[in-house]
Amino acid sequence: MSLLSVVVPCYNEKEVIPIFFDAMKPVIDDFASKYPDVGFEFIFVDDGSSDGTVDVIKNLRSEDKRVHFISFSRNFGKEAALFAGMKKAAGDYVVCMDADLQDPPELLIGMFSAVHDEDYDSSATRRVSRKGEPRLRSMFARAFYKIINRISDVEFVDGARDYRIMTRKMTDAVLTLGENNRFTKGIYSWVGFRTKWIEYENVERAAGETKWSFFGLLRYSFEAILGFSTAPLTYVISFGFIVTALAFVLILFVVIKTLIYGDPTSGWPSMICIVVFFAGTQLLCTGIVGEYLGKTYLETKNRPIFITREEE
Ligand code: UDP
Ligand code: MG
């Protein structure tokens, strides 16, 4: 027997949870015929909902003992919910799915076959379209992926969902990254392993509303950049260099001008030179300090130095 844990983060999803659970039933039947030795467990993570989501989950649990849940003391965000769910999951395989059916359950069996029958450690999904999403949001999302891929060492796949199945080994690796500012998509690619990508067309929410505001997403993307790149600190140094160089040119100009035309407002040229020069060098020095701070910052995250996939 092996166990498949389904982790479902839920924030104010009372309408959609029963629909989700019903939609999973045919999938479970499918598994029963194709993989009769695979059992299911559901870990619903109630992320501090205020609409009675937890009661809906408890209801499910009273009917079906495969349902487990964690309920947060307040809203900690989806990333925290995913972490808690993975931590509680006991399965040999763990899959993360949104409650709103935007992660099509019918893909699950194919994803499972990648980690069970093929030599993959994980199978993940990406949307090839952003149909039904606001234009502005798609535009910013595209720009974000361009920027982050340029400045970060790990790869961020455009359109990648959190809908992903992982082996126990990979799940444990993800759990060793105990950082607080979590950007799970980056963490998945940071831990490495072999991932099979499955593509599908965007699906709209079954019921309820999206929990993401535009500014929420913007903040989330800053989290990704700060968490997976120290490029901004490096840019500050370049900027400092440019300002310092410009200051030298300006100083030269002011000095020559003063020598030729005299100094009608006494003290002004020297003052401007000093102000400009120190502005540049200060920025430069701050940048260098920032560089060290950035390194320390990454260290305090206590990430493992490497992770072994196989060993003999
Ligand atoms: N979610 C959560 N905590 C939050 C926000 C969202 O657990 O603070 C869950 C939500 O219940 C859903 C999933 O994360 O199951 C994805 O959220 P949503 O559908 O609002 O995001 P979108 O699909 O619009 O990106
Ligand atoms: Mg959604």
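Sort through Ile17, Ile57 and tell me the only one that's modelled with pLDDT of 90 or more, in contact with a helix residue (DSSP H, G or I) (Cβ under 6 Å, 6 or more places away or on another chain) and among the hydrophobic types (A, V, I, L, M, F, W, C).
Working: Ile57 fails: in contact with a helix residue (DSSP H, G or I) (Cβ under 6 Å, 6 or more places away or on another chain).
Answer to the check: Ile17.
Cβ-Cβ distance below 7 Å, separation of 6 or more or different chains: which pairs start in segment 240-261 with a residue that is at negative phi and end on one that is assigned to a helix (DSSP H, G or I) and among the polar types (S, T, N, Q)? Cβ pairs passing all conditions: Thr244/Thr281.
Residues in segment 72-89 that are within 15 Å of ligand 2 (Cβ to nearest atom) and either among the aliphatic types (A, V, I, L, M) or touching a residue at least 40 places away in the same chain (Cβ under 8 Å) (or both): Lys78, Glu79, Ala81, Leu82.
Does Leu108 count as within 15 Å of Glu13 (Cα to Cα), out of contact with any Cys (no Cβ under 7 Å at 6 or more places or on another chain) and in a helix (DSSP H, G or I)?
Details: within 15 Å of Glu13 (Cα to Cα): no; out of contact with any Cys (no Cβ under 7 Å at 6 or more places or on another chain): yes; in a helix (DSSP H, G or I): yes.
So Leu108 does not fit the description; no.
Being more than 16 Å from ligand 1 (Cβ to nearest atom), aliphatic (A, V, I, L, M) and either on the phi > 0 side of the Ramachandran plot or not in a helix (DSSP H, G or I) (or both) is the filter here, so list the residues in segment 12-44 that pass it. Listed by number, the list holds a single entry, Val38.
Of Asp29, Asp92, which residue is of a type in the set (D, E, K, R), surrounded by fewer than 19 Cβ atoms within 10 Å (Cβ to Cβ), more than 16 Å from ligand 2 (Cβ to nearest atom) and touching a residue at least 40 places away in the same chain (Cβ under 8 Å)? Please lay out each step first, then the result.
Details: Asp29 fails: touching a residue at least 40 places away in the same chain (Cβ under 8 Å).
The conditions single out Asp92.
Of all residues in segment 185-212, those satisfying the criterion of being more than 10 Å from ligand 1 (Cβ to nearest atom) and either without any contact (Cβ under 8 Å) to a residue 40 or more places away in the chain or crowded, with 17+ Cβ neighbours inside 10 Å (or both) are Lys185, Gly186, Ile187, Tyr188, Ser189, Trp190, Val191, Phe193, Thr195, Lys196, Ile198, Tyr200. Where residues in segment 213-232 are of a type in the set (Ser, Thr, Tyr) and not in a loop (DSSP other than H, G, I, E, B), which of them is nearest to ligand 1 (Cβ to nearest atom)? The residue in question is Tyr220.
The values are calculated or read from the model by the stated rules, or taken from the named source; none is laboratory data. None of the values given here were measured: they were computed from a predicted structure. Please note: Cβ atoms are built from the backbone with ideal geometry, for glycine as well, and neighbour counts cover all protein chains shown.
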